[in-house]
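Readers should treat all values here as calculations from the given coordinates under stated rules, not as data from a laboratory. Quick caveat, the model's predicted, so the values are computed rather than measured. Cβ: placed from backbone, ideal geometry, glycine included. Neighbour counts: every protein chain shown.
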Amino acid sequence: MRNHPDRSVNLLFQGLLPAFALALWLPAVASGVDAAPAAAAAAPVAAPAGCPAILQHTFARLQDEKPQPLCQYAGKVILVVNTASFCGFTPQYKGLEALDSKYKAQGLVVLGFPSNDFAQEGGSNKDIAEFCESTFGVKFPMFAKSSVRGTDANPLFRQLAQISGTTPKWNFYKYLIARDGTVVDSYSSLTTPDDRGFVRDLEKQLAVH
């Protein structure tokens with residue numbers, strides 16, 4: 001009986017298909033590749049337990065630009081400040097450092113975010129770090145220069161603006177964050193680190209455990 005050409009091709013294809021599939025599957029198994037969909041491997045990483053949403057950000061440290069997760073400050077009272085080196089309020093660095101030093105043992109941390117949003121911070125991260133240390137002896141954590149307002153604002157300041165309803169109006173604007181991550185209040189550049197009302201608010205938060 002004469003073989004039908006189409007039937008012969010089909011039989012050949014059916015015989016080769018399993019071998020072809022096996023050839024694709026074996027290297028994947030040998031290399032440890034999971035056969036699950038790629039989307040499953042890209043599942044979001046869960047935030048550390050006990051870290052409030054306001055701190056679920058990572059920023060480069062000012063001095064060496066190494067990534068620093070803000071979750072390391074969970075459970076502390078936090079004062080977030082946008083800073084600049086060539087501003088009339090720049091001397092507040094001294095008061096902020098004194099504040100951080102005085103209340104550190106009680107759970108305060110001041111976080112500084114240099115910004116050129118008001119055209120008063122034109123230097124590099126290295127320049128800013130050297131200026132802060134040599135001029136005011138700043139030791140509280142500071143982060144790489146970034147924007148703190150508008151569409152280019154860094155994620156923390158965008159979140160602070162959404163929660164508080166206000167953005168920095170100038171350099172050395174301040175946000176006070178409670179131990180549980182609640183944004184307590186915001187303070188203008190005119191509010192100095194030793195302002196009585198501000199210090200009273202700060203001490204009230206430090207008393208909460």
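Rounded to whole numbers, the Karplus 3J(HN,Hα) couplings from phi for the range 145-153 are 4, 7, 7, 10, 8, x, 5, 9, 4 Hz, using 6.51 cos²θ - 1.76 cosθ + 1.60 with θ = phi - 60°, and x at Gly and Pro. Rounded to the nearest 20, the size of the Cβ-charge dipole of the range 127-209 about its Cα centre is 220 debye, with Lys and Arg at +1 and Asp and Glu at -1. Figure legend: label point modelled 7 angstrom from the Cα of L190 along Cα→Cβ; residues of the range 152-166 with amide N under 19 Å from it are 166. Subtracting the Cα-Cα distance of V208 and E130 from their residue separation scaled by 0.36 nm leaves 24.5 nm. Around the amide H of V148, modelled in the peptide plane, lie the amide H atoms of D117, N154, all under 5 Å away and 5 or more residues distant in sequence or on another chain.
Taking amide H as placed 1.01 Å from N in the peptide plane, A60 has its amide H under 5 Å from the amide H of Q68, A144, each at least 5 places away in sequence or on another chain. Less than 5 angstrom separates the built amide H of L111 from those of L79, V80, V81, all sequence-distant by 5 or more or on a different chain.
Selection among L108, P141, I128 by position relative to the dipole of the range 108-189 gives L108 as farthest towards the positive end (Cβ unit charges, Cα centre).
Taking θ as phi - 60° and the Karplus parameters 6.51, -1.76 and 1.60, the scalar couplings of the range 77-92 work out to 7, 10, 10, 9, 9, 8, 10, 7, 8, 10, 10, x, 9, 4, x, 5 Hz in sequence order, x denoting glycine and proline. Phi angles across the range 170-181 convert, under the Karplus curve 6.51 cos²θ - 1.76 cosθ + 1.60 with θ = phi - 60°, into 3J(HN,Hα) values of 6, 5, 6, 6, 10, 10, 9, 10, 6, 4, 8, x Hz, Gly and Pro given as x.
The largest-to-smallest principal axis extents of the Cα set in the range 53-206 are 36, 30, 28 Å.
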